[in-house]
Amino acid sequence: MVIFGPRVLLLLAMLLPALRVAASPVFDLALQQGSVEYGRPLRLTLRSNREQPSLETVDLSRLDRDFVVDTPAEVMEEGSGGGQYWRIRLYARRPGKLMIPSLTFSGARSAPVAVEIRPARNPETHSRIRVSSEVPEGAVWVKQPLRVVLHIETDDPYANVETENPWQAHIETRMLPLRKSQAAASGKGRFIFETGWILTPSLAGPVSLQLPPVKIRKDGVITHRFYPPRLRLQVRALPSFIPPTMPLGKQSVEVSVPGNTFFVKGRTYALTLKIHTEARPGRKPVEILRQFPSTPEVRYLAPQKLSASVYRLPFVPQSMGRLDLPDLRVQFFDPTTGKIHTGQQAAGSLWVISSWIRYALLVGLLVLVLLMLKAGYRWMQRKYRRFVRYRQALQIFQQARHPAMLKSGLMEIARAELWSANLTLKEWNTCWRQRFSHFSWLEEALQLLQALHYGQQAGDLYGLRQQLQEICYWRQPLLRVLDFIKRSGS
């Protein structure tokens, strides 16, 4: 039996507290920076004085509420004194003042750490980048398409916004095309980039899915990563009365008829069916295409798929007359009400004629055009003859040296208006007043002309010439323009 002396017992009593401290685990968290911009990583270091177990066993699920965890590095051992550390990256789900909760490792608990997430900004202009998301939640149906959309508003019209397809068993995914629009509410110079996914669950049960980030790349470098909220759903099985070919979600059909006025019997044409639906991609609209059966009036050929939602349906009219296309019965399962919705859509009607009727109509149209051209030519010919007569009358008025020439000019006007060419001045005035109501002074002028013509009195021949020239200018305004050009050139 070994008996320790008083000095040994005293030494053991002094070392016992230090041994207890060395044996107790130490676990803490350290941030490289206490404030970071939204969309950029927080660098968090987990450190322990124990080498076993590995820090990778720490439950990080408590961070999921406000952060997305990225673990790029493996656990490393401390260089001296033993222990281990683990560096991870955190991406905040939203800006603001957040708290990293306490974590537990081997019975030790870390202290919570406060962190400030500043709003995201364009690195060039320092203007704010706004991020919003539309993520469904709650109970949904199997095979119900779910739309997840993220909106990024920035002042950079050429921002390179990119993302990738998420993957999880029993969920079909399809990326939405990137769309850019002007942000009207935020003023000029702001743009909204919209991207996202269509998710279709194929198995009933709870679903928890972290969607991939939306990245902004500038000059080949990713400047921001924005993570949407975690998708949490309770997927319900479809009712047993829903057939497998029935689409889920609202559905409508747009039928485009060729732009022909008439369709020729025996020729092949094609309808274009554009199906607007929320059904999952690749779901063939069998029930709609079956509603175009061939009849003695029309024969439908095999449909052709142009895209995921557009079909080309060739058809051949078999009889003349009015051809009514079948009314389409649109049926789908409405996820919001949990009921089957049934509606009717009219596809329209066509007029079918024989080929010889078509040619007869073309010939008739050609004859009508020729008759119109002939009538137009005659009208232009009459207009031109009238213009020539008035131009001759104007030249006579301008060159008149005695009243007889003025009367000759009036006779040219009578020929232009298709009156008799041997009218007296009184008869000429009567024809003019029956046709026109202008020039109240004309009757007095004609009386003066008659008096001058028969030598009954003397008068101003020059003033009378000017008055009669105004008649030509009023009936043919082009003569005034031509006279002006002629005087300007001379």
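The values are calculated or read from the model by the stated rules, or taken from the named source; none is laboratory data. The model shown is predicted, which means the values in this text are computed figures rather than measured ones. Note that we place each Cβ from the backbone using ideal geometry, even for glycine, and neighbour counts take in every protein chain shown.
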So residue 409, is it more than 43 Å from the chain's Cα centre (by Cα), part of a helix (DSSP H, G or I) and loosely packed, with under 12 Cβ neighbours inside 10 Å: no
Meets criteria (over 27 Å from the mean Cα position of the chain (by Cα), assigned to a strand (DSSP E or B) and surrounded by 13 or more Cβ atoms within 10 Å (Cβ to Cβ)) for residue 233: yes
Filter pass, residue 464 being over 60 Å from the mean Cα position of the chain (by Cα) and in a helix (DSSP H, G or I): yes
Residue that is modelled with the lowest pLDDT, among those in the stretch 59-99 that are on the phi > 0 side of the Ramachandran plot and in a loop (DSSP other than H, G, I, E, B): 81
Enumerated strands (runs of 3 or more DSSP E) restricted to the stretch 285-401, each holding at least 2 residues that are among the polar types (S, T, N, Q): 339-345
Set 315, 333: member being modelled with pLDDT of 85 or more and in the same structural domain as residue 272 (by TED's automatic domain parsing): 315
Filter result (outside any strand (DSSP E or B) and modelled with pLDDT under 85) within the stretch 258-284: 258, 259, 260, 261, 262, 278, 279, 280, 281, 282, 283, 284
Residue match in the stretch 179-197 (condition: under 19 Å from residue 335 (Cα atoms) and surrounded by 13 or more Cβ atoms within 10 Å (Cβ to Cβ)): yes
Top-ranked residue of the stretch 286-300 - restricted to ones that are hydrophobic (A, V, I, L, M, F, W, C) and modelled with pLDDT under 90, ranked as farthest from residue 346 (Cα to Cα): 286
Residue 488 being small (Gly, Ala, Ser), surrounded by 11 or more Cβ atoms within 10 Å (Cβ to Cβ) and not in a loop (DSSP other than H, G, I, E, B): no
Qualifying residue in the stretch 92-113 (condition: surrounded by 16 or more Cβ atoms within 10 Å (Cβ to Cβ), of a type in the set (D, E, K, R) and in contact with a strand residue (DSSP E or B) (Cβ under 6 Å, 6 or more places away or on another chain)): no
Criterion: part of a loop (DSSP other than H, G, I, E, B), within 20 Å of residue 136 (Cβ to Cβ) and of a type outside the set (Asp, Glu) - qualifying residue of 211, 199: 211
Residue check for residue 308: under 27 Å from residue 196 (Cα atoms) and under 23 Å from the mean Cα position of the chain (by Cα): yes
